[in-house]
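Here is the structure we will look at.
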Amino acid sequence: MKILFVAGDPKPERWTVPIRAMVPEAEVYVWDPDGPAVNADYAIVWQPPAALFEREKNLKAVFNLGAGIDGLLKVPNLPKDLTVVRLEDAGMSAQMAEYVLHQLLEANREMETYREQQRQGVWKIHRPMKRSEWPVGVMGLGHIGKRVARTLADLDYRVSGWARGQHSLEGVTAYAGPDQLGEFLTATRVLVNTLPLTEETRNLIDYELLSQLQPGAVLINVGRGEHLVEDDLLRALDDGKLLRASLDVFRKEPLPEGHPFWQRKEITITPHISARTLRDATLEQITGKIRDHAQGRPISGIVDTDRGY
Ligand code: NDP
């Protein structure tokens, strides 16, 4: 079996050494832009070049080093019938739940105010937060959204979730499809986006959507930058529809110098770090699936490329 690693990491041996240890029967190659075809059976990729699919004609499946496959689906020459497998959790959902909780607490426990008070040597207690005033709505109830929703529900927040299909999740009021989006939004003050980027979800978070949230609304975007219409976010902040936003993903990354988001006190910016790929958990998952696939066993996490996630 031949496995090709295609991920632009300056130190690919950080990946290939463990892959060789985990699948000793495999020959493991690193993508060489100028090299010949290796006739790989499987490719492990992150933002691969289009040349990969021109050169490697024997691929049985391609494994994406991330949960979101919007970048991979854009690569020209990706064969329509190739099996594309995305990462399923692999340690990301716990990180995401932490990140969302942290951003929520920044908003509702006035942490910035207390930091500022400390700088000024001020001891002053503010009104305690009431959970009932901070209902949370999680868009997307997949591997990540479910974990976020469950974590907040366990902390006694009122949590709603919205997905394409019906879900049943303890402690979470679930809504489904475009018809129930309005109801979901009016039940929500803190909107958390964990959707995949697809034709249906691109630009979904616009002024009209933000206007339907409860007063003093907060947006936490950990999905993709292209879910959010950036000018509409600024407008919603300007006219008070939105109190603050925590953004981990942007239409253009790195966020360009001079972008209006940098200067806004109501916006917290993080550089796409809400959930990092954990190498060990990731490789354990992928190599396990490669072995299963090679032996004809079913694997989970296969992307429906028509649906886009
Ligand atoms: P999943 O595929 O497991 O879940 C996707 C969820 O979104 C599902 O619940 C699905 O509904 C729902 N959904 C998809 N399309 C629609 C739609 N049109 N309307 C309503 N709901 C929809 O993905 P993950 O949870 O693993 O990951 C989600 C996304 O999180 C990734 O695609 C990526 O963009 C982002 N991400 C960001 C990271 C970061 O560092 N910022 C790290 C990892 C992921 P249904 O269940 O009904 O199918």
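Output yes when any residue across segment 120-130 is part of a helix (DSSP H, G or I), open to solvent by 40 Å² or more (accessible area, probe 1.4 Å), in contact (Cβ under 8 Å) with a residue 12 or more places away in the chain and touching a helix residue (DSSP H, G or I) at 6+ places or on another chain (Cβ under 7 Å), and no when none is.
no
Can you report the number of residues in segment 1-44 which are in a strand (DSSP E or B), surrounded by 15 or more Cβ atoms within 10 Å (Cβ to Cβ) and not aromatic (Phe, Trp, Tyr)? Walk me through it before giving the result.
We begin by selecting, within segment 1-44, every residue in a strand (DSSP E or B); these are 2-6, 27-30, 42-44.
Still in the running and surrounded by 15 or more Cβ atoms within 10 Å (Cβ to Cβ): 2-6, 28-30, 42-44.
Now drop any that are not not aromatic (Phe, Trp, Tyr), which leaves 2-4, 6, 28, 30, 43-44.
Here the count works out to 8.
Take segment 175-231 and flag every residue that is aliphatic (A, V, I, L, M), within 25 Å of Leu87 (Cα to Cα) and either touching a residue at least 60 places away in the same chain (Cβ under 8 Å) or within 11 Å of the ligand (Cβ to nearest atom) (or both).
The answer is Ala176, Val192, Leu195, Leu197, Leu204, Ile220, Val222.
Pick from segment 241-275 the residues that are touching a residue at least 24 places away in the same chain (Cβ under 8 Å), open to solvent by 40 Å² or more (accessible area, probe 1.4 Å) and farther than 19 Å from Ala107 by Cβ: which of them is farthest from the ligand (Cβ to nearest atom)?
Pro260
Count, please, the residues in segment 139-171 that happen to be more than 10 Å from the ligand (Cβ to nearest atom), surrounded by fewer than 23 Cβ atoms within 10 Å (Cβ to Cβ) and under 20 Å from Asp89 (Cα atoms).
7
So for segment 54-74 (the condition being surrounded by fewer than 18 Cβ atoms within 10 Å (Cβ to Cβ), without any contact (Cβ under 8 Å) to a residue 60 or more places away in the chain and within 16 Å of the ligand (Cβ to nearest atom)), does at least one residue qualify?
Checked against the condition, which is being surrounded by fewer than 18 Cβ atoms within 10 Å (Cβ to Cβ), without any contact (Cβ under 8 Å) to a residue 60 or more places away in the chain and within 16 Å of the ligand (Cβ to nearest atom), segment 54-74 yields at least one hit.
The values are calculated or read from the model by the stated rules, or taken from the named source; none is laboratory data. Note that the coordinates shown come from a computational prediction; the quantities given were computed from them, not determined experimentally. Glycine also receives a Cβ, built like all others from the backbone with ideal geometry; neighbour counts cover every protein chain displayed. These accessible areas exclude ligands, DNA and RNA; they are computed on the full protein's heavy atoms, side chains included. Shrake-Rupley method; radii C 1.70, N 1.55, O 1.52, S 1.80 Å.
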